[in-house]
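Where a number appears in this text, it was derived from the coordinates with a stated rule and is not lab data. The model shown is predicted, which means the values in this text are computed figures rather than measured ones. All Cβ positions, glycine included, derive from the backbone under ideal geometry; neighbour counts span all protein chains shown.
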Amino acid sequence: MTDARAIHLADYQPFSHLIEHVALTFHLSPNATRVQARLAVRPNPAREQGLDLRLDGEGLRLVRLAVDGRELTVLPDETGLTIRAADLPDTAFVLETEVEIAPEGNTALEGLYMSRGMYCTQCEAEGFRKITFYPDRPDVMARFRVRVNGDHPVLLSNGNLVDQGPGWTEWDDPWPKPAYLFALVAGDLRAHSATFRTLSGRDVALNIWVRPGDEGRCAYAMDSLIRSMKWDEQVYGREYDLDIFNIVAVDDFNMGAMENKGLNIFNSKFVLASPETATDDDFARIEAIIAHEYFHNWTGNRITCRDWFQLCLKEGLTVYRDQQFTGDMRSHAVKRIEDVLMLRARQFREDQGPLSHAVRPESYVEINNFYTATIYEKGAEVIGMLRRLVGDDGYARALDLYFDRHDGQAATIEDWLCVFQDATGRDLTHFTRWYSEAGTPRLKVSDDFNNDTYTLHFEQENYATPGQPVKWAKVLPISVGMLNPNGDDLLPTTVLEMTHMRQSFAFEGLATRPVASVLRGFSAPVVLERAVSAEERAFLLAHDTDPFNKWEAGRALAKDLLARMVTEGAAIGPGWLEAMARVAQDGSLDPAFRALCLRLPSEDDMAQTLHAAGHVPDPAGIYAGRRRMGDALARRLAPDLPGLIASLAEPGPFTPDARAAGRRALRLAALSLLSRVDGGTAARAAYRAADNMTEEVGALSCLLDIGQGAEELARFEARWRSDRNVMDKWFALQIAYAAPDRAAEVTQTLTQHPDFDWKNPNRFRSVIGALSGHHAGFHHSSGAAYALVAEWLLRLDPLNPQTAARMSTAFDTWPRYDADRQAMVREALQRMLATDGLSRDLTEMAVRMLGD
Ligand code: TRP
Ligand code: ZN
C-alpha cells in the first residue's frame, strides 16, 4: 500500500542516542497521573554526531523538561517532541521530563489505563509513548528503575522489588529492555503464590495477582507456569533471571496476554480457571498462553527485535516453542492436528485474500495491524521447516548459538538465519524467501510406477499476492512415507527437499506399487493438490502410521464429499460413513484423536477450498450440505452412540489433563450426533447432570444445535450472570448456533442485553465476533450481518481502534463470493473509509481489504 504514513524496513537507521538508564516516578491518579522521567542519555557512536533528539509522545501534557538540570521550553507536536542538537551537550547528559496523563479516559487500552478500578499498562507495540516522552522503538534498550506512588494496596512494576513503604514501591530491572516491555499495575489484588527453584538453585517468588474472590481459580495457571519454567530449563537450557515473576489478570484487554519483563499481564480469561467455570479448551489455552508469555522471557525479552518488521523473530519462535511444549505436555499428534486446523482457518485464509503479507513485511502503516496469523503461525511453521532441514541436533546447536551470540541484543531475521548457517554449515540463502514472499504455495503431486521404481512428481505454484506479482520456488521439506498394500510401513519417513518449481523423486527396488503418504506431519505450510481416490484415502485413514496424515486422509474424504455435494448435488454414499464408523469405534485410537476425526470440516474452510478450486462458494449450500453430512453420520452411528458415550464416562472428580479432556471431547462429539437423532433427550439429561463447564457448555451446544435449549440457556444465565468470563460463552453460543437467516437478528437482540458491555473487548468479541465467525450467518444473502458488524466496528473504532481494526478482518474473504455479496462488503468498507475521524488502524485495514 502506498501511504505517506507508511514505515519501511529499508529506511531503518539506528537511533541517534543511547539511553543507558531510565528512572520513572509515577503519582497515580485517575485523571491526572504524573509521570516523571529521568533518562541518562548519550550520543550513539554508531550514528553521525550532533543529531537532534526526537522523542515519541502522544496525548501527554508536558509539565517540565530539563537537560542536565537546565529547563528548556519545547513545544510538543502530535507525535512527540524534538530537542535541537544545539540545546544538547555532545557527551552524556541527563534528560528530565514530567508529564500528566489521564488513565481513566483511556478506552483504547494502550498505554496506562484503568480496568474496573485497577491501573494497568499495555505498551507493545507503541503504547509507551502514551505514558512518557521516549524513543519508543525496540532497539533502544535501557535499564529501568520505577517508583510507584498510589493509594492501591498492590503496586507492581518490572524487575525486582527493591524498596517499599506505605503508598509506594520501588522496582529495579537489571536487564536492559525496550520500552514496549515496561509494565505497571496498581490495584486491590490478591496473590496466589508459589516458589520455583531454578536449575542453578535460585529461588524465584511466583505470584498470580487477581481480584479478591478469584484466588481460587489460579491453581491451573500456576501449575502451567511451573511446568513451563522447568521445560525451558530442560529443553532449551534457559533459566529465569529475576527474583520474582508476577502475572496479573485483567478484564479489559485487547489481546490474549503480554510478556512484560517479570510482570506478565493477562486477559483474565487466560488465567482464571476452575472445573465449574472453564472448559477443557480453556484449560488448554491457559496452559499454552502461560507458556508462551513465559518463553518470551528469552525469545523476545533477553533477545528482542531490532524493529517491528522483525516481529516474527520473537513471535514465530515463541509460538513454535509453546507448540513443542504443549505437544510434550499432552499429545504431539493431537497438537499438530489442532495447529494445522488453526493455521488453515486463520493463516491460509489471510494468505489467500487481500491481507496477505510476508512473514517479514516490508512496510506498514499501523504496526498493531501486523500481529497476524502470518507473523505468529506461519512464523512458527517456517521454524519447523528450518528444523526439518537442519535436523534436531542442528536446531539445538543453532539455538544455543543464538542465545550465546545475541543475548542482550535487538536482533534481526538475518541474525537468526546466520546462527543456523554458522551452527550447521548449511547455506540458507534460498530459504530466506519464506520470510520475504507472501502467499501459500500450492503443491501439485502425481506419481507413477515402472520397473520396480516408484516416482513422485512435484510441482509448486507460488501465486501473486498484493504487491508481489512474481514469486520464486520455495525450499520445501516434504516428509514422505510409503505403505505396502497390506498396510505395513515400507520405508521409514524421509524428508525430500524440493528446491525447484518442478522436481521428481524416485524410489527404486519396490516389488509392488506402494501407497504414498505425502507431507507427513504437515511438513511444509502448503496446499497439497493430489488426485487421490476415495479408496486410497480410506486406506490411509485406516493404515497410515503418521497420525497427522491419518487424520488428514479422513478430512480429505469429508471435504471431497462435501465439495461434490454442494457443486454437483452428489449424495452421501457409504464410503465416508463406513470410514468414520471405523474410526469412531476403534478403541486403540486416542479418544482426542477420534474426536478430531469426527469433527466435520468448517464451512469457512470449505468456502476457501471451493474458491481455490475455481468455484464461487454458496454459504447457504455449504451450511445445508454440512448439516446433511452430520445428520447422515448421526443416523449411521446411532446404534453405537449410547454405548460409546457410556464407555467414556469419567469416574471421580474432574481433572483437566489431556487424557480426561480427550475422553470428554469424544463423548461430547458422540452426544452431539446422538442429539440429531434422539430429539435432545440425552443432551438434556447430560446438561442437568453436568458438574463441570466442559459438559455444561457441551450439552447446551448439542441442544442449541438442534434448535432447542431455550430453557437451559435461561438457567445458564441465571446461574452465571455475575461471572463475566462464563457469560461471554452464553453470548457467543446463541449466535454460533443460530440459524443462518436469524444470526444477525439474534446478535442484534443480544446487543440490547444489559450485560452487553461493548467497551469490553472480550464481550465485544463474544457477540460481534461470534456473528463474523458464523459463516452462513455472516454471509447471509440479506447483507444484514455485514451491515451490523460494520456498524459496530464503526462504533468501537473511536474508542478502541486496535480491536476494531483486528475484528474488521471478518471482511477479508469477500473476493471469494458472488457479485452481490462482493458489492455489499465493498460498500460497507467504503462507508467506513468515508467516516470522519476513522482511525489509522481501521483505515489501513479497509484500504488493504478493498485493494485499491
Ligand atoms: N506480544 C504479545 C504476545 O504475543 C501480544 C501483544 C502484542 C499484545 N500487542 C499486544 C497483547 C497488545 C495485548 C495488547 O503474547
Ligand atoms: Zn507472543
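Tabulated data for the structure shown
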item	result
Distance cut-off 34 Å, percentage of C-alpha pairs in the chain lying past it	54
Integer Hz, Karplus 6.51/-1.76/1.60 couplings in order for the range 91-108, x for Gly and Pro	10, 4, 8, 10, 10, 10, 9, 9, 10, 10, 9, 10, x, 5, x, 8, 8, 6
Kyte-Doolittle mean at least 0.0, axial Cα span of 20 Å or more - DSSP H helices of the chain	658-678
The range 158-296 - share of DSSP beta bridges that are antiparallel (%, nearest 5)	60
Dipole of the chain [Lys/Arg +1, Asp/Glu -1 at C-beta], most positive-end residue of G837, C123, F778	F778
Gyration tensor verdict on the range 304-436 (Cα atoms; rounded if a/c is under 1.5, prolate if a/b is larger than b/c, oblate otherwise)	oblate
Mean residue ellipticity (222 nm) of the chain, computed from DSSP H runs ≥ 4 via -39,500 (n - 2.57), nearest 500	-12000 deg cm²/dmol
Relative contact order of the range 304-436, pairs being alpha-carbon contacts under 8 Å that are 6 or more residues apart, as %	36
Computed Kirkwood radius, in angstrom, where 1/r is averaged over Cα pairs of the range 442-524	13.8
Farthest toward positive dipole pole in the range 304-436 [+1 Lys/Arg, -1 Asp/Glu at C-beta], among M385, Y402, L313	M385
For the chain, size of Cβ-based charge dipole, Lys and Arg +1, Asp and Glu -1, in debye	1040
Straight-distance crosslink candidates among lysines, where the alpha carbon sits under 23 Å from K230 and sequence neighbours closer than 8 are dropped	K261, K314, K335
Neighbour-count order for M727, M501, fewest beta carbons within 10 angstrom listed first	M501, M727
Centre separation in Å (Cα based) which lies between the range 768-812 and the range 59-88	42
Semi-axis lengths, Å, the range 666-794, gyration tensor of Cα atoms, sqrt of 5 times eigenvalues	26, 18, 11
Distance histogram for the range 552-620 (every C-alpha pair counted, 5 angstrom bins, percent rounded to whole numbers)	3, 16, 26, 22, 16, 10, 6, 2, 0
Separation in nanometres of the label points that stand 7 Å from Cα toward Cβ, at F505 and A823	5.0
Entries of K177/K474; K378/K444; K378/K759 with Cα pairs more than 29 Å apart	K177/K474; K378/K759
Whole-angstrom gap from the range 184-205 to the range 676-724, using each part's C-alpha centre	38
Relative contact order (%) - the chain, alpha-carbon pairs under 8 angstrom, separation at least six	8
